[in-house]
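Single-structure report; data block below.
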Amino acid sequence: MQTYLVPPSLRRAFQRVKENHGCAGSDGISLAVFESGLAGQLDILARIVQDGSYFAWPLRQIEVEKSPGSPERRTLLVPAVRDRVLQTAVAAYMEPFLEAEFDDCSFGYRRGRSVRMAVERVYQLYQQGYVWLLDADIDDFFASVNRDLALGRLSTLVPDETAVRLVRLWLDSPVWDGLHITRPTLGLPQGAVVSPMIANLCLDALDDRILAEGMRMVRYADDFVVLTKGRKAAERAEALTEEVLASLRLRLNEGKTRIVRFSEGFRFLGTIFLKDMLLQPWKPGRKRLKVISVAPPLPEPFFPQRERRPLRSYPAV
């Protein structure tokens, strides 16, 4: 049996899911209900993965404000509790293999790393004379990731074929918006436990190329800056970034990407950099984001058999 399917691994995964206090997925099963029969639920989960009958419930769509009071919306896709547990166990198994590949310039969604550390790294590089930078933004990154490219790379790093097939199944999960079940063919579902890890894996190719050119980079998920000592080098960084992203079938958002000098000031990860000053905008108390809409639970009779794609139907990458 795979290590991520043994009871201790699944129990640890459940505890991590429980600590996040998430809501029920589209199957309507809450954390409390799942926990009330935990041993049996975990046994069933391990068994159906082993026999290949495991399938993922549709992701439950929730729309919230992009920021407090903003008319813009952010769409979250919430997996069922059982799917979150299994994803968490598989992510813990894969983490050492992927961490061995990731570079020091990457700070997002990695154990022991933080926004503050990324901000401090940018300031340290400024003090070393890196006063020009490419302030970059990837156009609609999470919705644009090519899954085949990401999974192809994942399969070269993770030795367990079932784990890779599970990730492929989760990225292919249907979405329940309360009226319809759809199945996007592109991108990473924001809400799936494995999505941040796959996002880092996808952009690791960009990290490698930038660093190989002797440039300095600080990246937090899809938010990054490339630091140089002169404007021409920053322009070269922009051209190189466009080239690498094109190979990943991604592109820069031209309206939000610019070359700037520290003396002009710029904002990165919520911090304003201006010469040798770091400024944190004042926020009058943290407000909870308003929930705009929540898809209701999906009654089992309305979840068609044709959409219940079992693990066995996903061949190795």
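Over the chain, DSSP H runs of length four or greater, each weighted -39,500 (n - 2.57), average out per residue to a 222 nm ellipticity of -12500 deg cm²/dmol. Specify which residue in the list 152, 81, 132 is farthest towards the positive end of the charge dipole of the chain, using unit charges on the beta carbon of Lys, Arg (+1) and Asp, Glu (-1), about the Cα centre. Toward the positive end, the furthest listed residue is 81. Here the range 84-155 and the range 200-219 have alpha carbon centers that stand 10 Å from each other. Counting only protein heavy atoms and a 1.4 Å probe, the range 203-259 has 48 square angstrom of accessible area per residue.
Solvent-accessible area per residue in the range 1-136 equals 46 Å², computed with a 1.4 angstrom probe and all protein chains kept. The Cα atoms of the range 178-317 give a gyration tensor whose axes a ≥ b ≥ c have a/c of 1.5 or more with a/b no greater than b/c, which makes the shape oblate. For the range 1-124, just say rounded, prolate or oblate: build the C-alpha gyration tensor, square-root its eigenvalues into a ≥ b ≥ c, call rounded for a/c under 1.5, and beyond that prolate if a/b exceeds b/c, oblate if not. Here the range 1-124 falls in the oblate category. Here the accessible area is traced with a 1.4 Å probe on the protein chains. For the chain, carbon and sulfur cover 51 percent of it. Note on the range 176-317: dipole from Cβ charges, positive end direction compared against 315, 227, 255; the farthest Cα belongs to 255.
What's the long-distance tail for the chain, i.e. % of Cα pairs beyond 32 Å? Tail fraction, whole percent: 34. Computed from backbone phi with θ = phi - 60° and the Karplus coefficients 6.51, -1.76 and 1.60, the 3J(HN,Hα) list for the range 141-158 is 4, 4, 7, 10, 4, 7, 5, 4, 5, 5, 6, x, 5, 4, 5, 7, 9, 9 Hz; x is used for glycine and proline.
Using only side-chain charges placed at the Cβ, +1 for Lys and Arg and -1 for Asp and Glu, the dipole size of the chain relative to its Cα centre rounds to 700 debye.
The HN-Hα couplings worked out from phi for the range 97-110 by the Karplus form 6.51 cos²θ - 1.76 cosθ + 1.60 (θ = phi - 60°) are 5, 7, 4, 5, 9, 5, 9, 5, 7, 9, 10, x, 6, 10 Hz, whole numbers, x standing for Gly and Pro. Each Lys and Arg Cβ is given +1 and each Asp and Glu Cβ -1; about its Cα centre, the range 1-145 then shows a dipole of about 560 debye.
Potential lengthening of the chain between residue 254 and residue 114 amounts to 47.7 nm, from the contour at 0.36 nm per residue minus the alpha-carbon distance. Using C-alpha pairs below 8 Å separated by at least 6 residues, the relative contact order for the chain is 27 percent.
Exceedance of the 32 Å cut-off in Cα-Cα distance is limited, within the set 66/229; 256/290; 66/275, to 66/229. Rounded to whole numbers, the Karplus 3J(HN,Hα) couplings from phi for the range 16-24 are 5, 5, 4, 5, 7, 6, x, 8, 5 Hz, using 6.51 cos²θ - 1.76 cosθ + 1.60 with θ = phi - 60°, and x at Gly and Pro.
With only Lys, Arg, Asp and Glu charged, each at its Cβ (+1 for the first two, -1 for the last two), find how big the charge dipole of the range 215-317 is about the Cα centre; round to the nearest 20 debye. Charge dipole, the range 215-317, about its Cα centre: 280 debye, nearest 20.
The values are calculated or read from the model by the stated rules, or taken from the named source; none is laboratory data. It should be emphasised that the depicted structure is a prediction, and the values quoted were computed from it without experimental measurement. All Cβ positions, even for glycine, are placed from backbone atoms using ideal geometry, and neighbour counts span all protein chains on display. The accessibility values were calculated without ligands, DNA or RNA, using every heavy atom of the protein model including side chains. Shrake-Rupley method; radii C 1.70, N 1.55, O 1.52, S 1.80 Å.
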